[in-house]
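The values are calculated or read from the model by the stated rules, or taken from the named source; none is laboratory data. None of these values were measured; they are calculated from a predicted model. Backbone-built Cβ (ideal geometry, glycine too); neighbour counts: all protein chains shown.
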Amino acid sequence: MTDFDARRIQTGAFTTSFLDSGAPASGGDEVVVLLHGGGPGANATTNWRGFIPGLSDRYRVIAPDIYGWGDTDHPAEGEAPGSMTAWVRERVNQILALLDALGIDRAHLVGNSAGGALSLWITATAPERVIDLTLMGSAGGQMAHPTPEVMRMASFYKDASREGIEALTRWFVYDEDTLGSSIAEIVEERYAEVHRPEVKRSFLSMYQAPTSPAEMTLPPSALRRIRHRVLLVHGREDRFVTPDSSVYFNQQLENSQLHVFDKCGHWVQIERRDAMLLLVRAFLREEL
């Protein structure tokens, strides 16, 4: 028995696929929305299935496949947004429409990597819909030159092999032994996902020139207008979004706090799951 159900619901012009833990046993009505990252083969299940049970006793947890990934409807051939800026706008509208469709007025947002940048854009667009934010290895801040790992991720389809997926998977974590035998499962799941024609089409639309991941960046003037409580979480050895990004957010977001995990890469929710859950639960209860 899982701690969530897979559901689909209409969100504007397309249908969104999402995981839903349902009402918590505690009887509380607060909602946590988990927004996954943007690597090849990413979706709500691969990012969050091990994390949802750590929150679902107290919160209703929603984890959507963000537009352009997973089982959410993909744009048809020739109809994809023409830039990362346009993709971001569509995704902001998607998540707000998802909340509307589920009758959710306000939610806690937890965003990983590209999902962190999306969380910030949602908050900047509709601050009244957001209670607080947890940003884990979040994109959307000031970036130095892209690391070799990021360049390999963005150009993944030049070598969309099992070996390519396995290399990225190992690079996402500091110590690949923490993945144990699950690394083979992750590789096979993501390999199958990236070879779905609609997933490939969407990914190439996002990452190929003239569009750029840098278009996810919020300007400082927008960040300074965010007054929500923000928990920033980062792996010290993250090479996809380096920790200086969260240091920058900590400087710009006036009500933020930063926690850095040592010996940890980009997937804090997997490598340091239990410690991160303790941190997030305390933050949501306003005990931090």
Fill in: Enumeration of residues in region 148-178 that are surrounded by 13 or more Cβ atoms within 10 Å (Cβ to Cβ), at pLDDT below 90 and over 19 Å from the mean Cα position of the chain (by Cα)
GLU176, THR178
Discussion item. Quick check on region 142-152. Is at least one of its residues touching a Gly at 6+ places or on another chain (Cβ under 7 Å), closer than 24 Å to LEU118 by Cα and either touching a residue at least 24 places away in the same chain (Cβ under 8 Å) or not basic (Lys, Arg) (or both)?
Written reply: no
Discussion item. If I filter region 15-36 for residues that are part of a helix (DSSP H, G or I) and closer than 21 Å to PHE283 by Cβ, do I get at least one hit?
Written reply: no
Worksheet item: Is it the case that VAL130 is of a type in the set (A, V, I, L, M), touching a residue at least 12 places away in the same chain (Cβ under 8 Å), surrounded by 15 or more Cβ atoms within 10 Å (Cβ to Cβ) and closer than 30 Å to VAL247 by Cβ?
Response: yes
Practice prompt. Sort through ARG239, ARG224 and tell me the only one that's surrounded by fewer than 17 Cβ atoms within 10 Å (Cβ to Cβ), basic (Lys, Arg) and more than 30 Å from ASP177 (Cα to Cα).
Written response: ARG224
Worksheet item: Which ones in region 252-275 are in contact with a strand residue (DSSP E or B) (Cβ under 6 Å, 6 or more places away or on another chain) and closer than 19 Å to ALA107 by Cβ?
Response: LEU253, ASN255, SER256
Worksheet item: Given the structure, is GLY115 touching a Leu at 6+ places or on another chain (Cβ under 6 Å), under 21 Å from VAL199 (Cα atoms) and not in a helix (DSSP H, G or I)?
Response: no
Worksheet item: If VAL61 satisfies every condition in (1) in a loop (DSSP other than H, G, I, E, B); (2) touching a Leu at 6+ places or on another chain (Cβ under 6 Å) but one, which is the exception?
Response: (1)
Response to the item:
Cβ pairs under 6 Å, 6+ apart or interchain, first in region 52-67 and within 16 Å of ARG281 (Cα to Cα), second part of a helix (DSSP H, G or I), ordered by first then second residue, are GLY54/LEU277; VAL61/ILE52
Response to the item:
Note: among GLY103, GLY70, GLY50, just one is in contact with a strand residue (DSSP E or B) (Cβ under 9 Å, 6 or more places away or on another chain) and part of a loop (DSSP other than H, G, I, E, B), namely GLY70
Discussion item. Here is a list: ALA117, ALA107, ALA97, ALA86. Which entry is closer than 17 Å to GLN10 by Cα and either surrounded by fewer than 16 Cβ atoms within 10 Å (Cβ to Cβ) or among the small types (Gly, Ala, Ser) (or both)?
Written reply: ALA97
Worksheet, complete the sentence: With the first residue restricted to region 222-240 and required to be farther than 29 Å from LEU168 by Cα, and the second required to be of a type in the set (D, E, K, R), Cβ contacts under 6 Å at 6 or more apart or on different chains are HIS228/ASP132; ARG229/ASP132
Discussion item. SER245 - would you say it is in a helix (DSSP H, G or I) and either among the hydrophobic types (A, V, I, L, M, F, W, C) or crowded, with 21+ Cβ neighbours inside 10 Å (or both)?
Written reply: yes
Discussion item. Just to be sure I understand the filter: pairs with C-beta atoms under 9 Å, separated by 6 or more residues or on different chains, first member in region 272-286 and under 13 Å from ARG58 (Cα atoms), second member part of a loop (DSSP other than H, G, I, E, B) and among the charged types (D, E, K, R). Which pairs pass?
Written reply: ARG281/ARG58; ARG281/GLU287; LEU284/GLU30; LEU284/ARG58; ARG285/ARG58
Worksheet item: Scanning for something assigned to a loop (DSSP other than H, G, I, E, B), within 17 Å of the chain's Cα centre (by Cα) and at pLDDT below 95, does region 184-205 turn up at least one residue?
Response: no
Worksheet entry | Of the criteria (1) without any contact (Cβ under 8 Å) to a residue 40 or more places away in the chain; (2) outside any helix (DSSP H, G or I); (3) not charged (D, E, K, R), which one THR169 fails | (2)
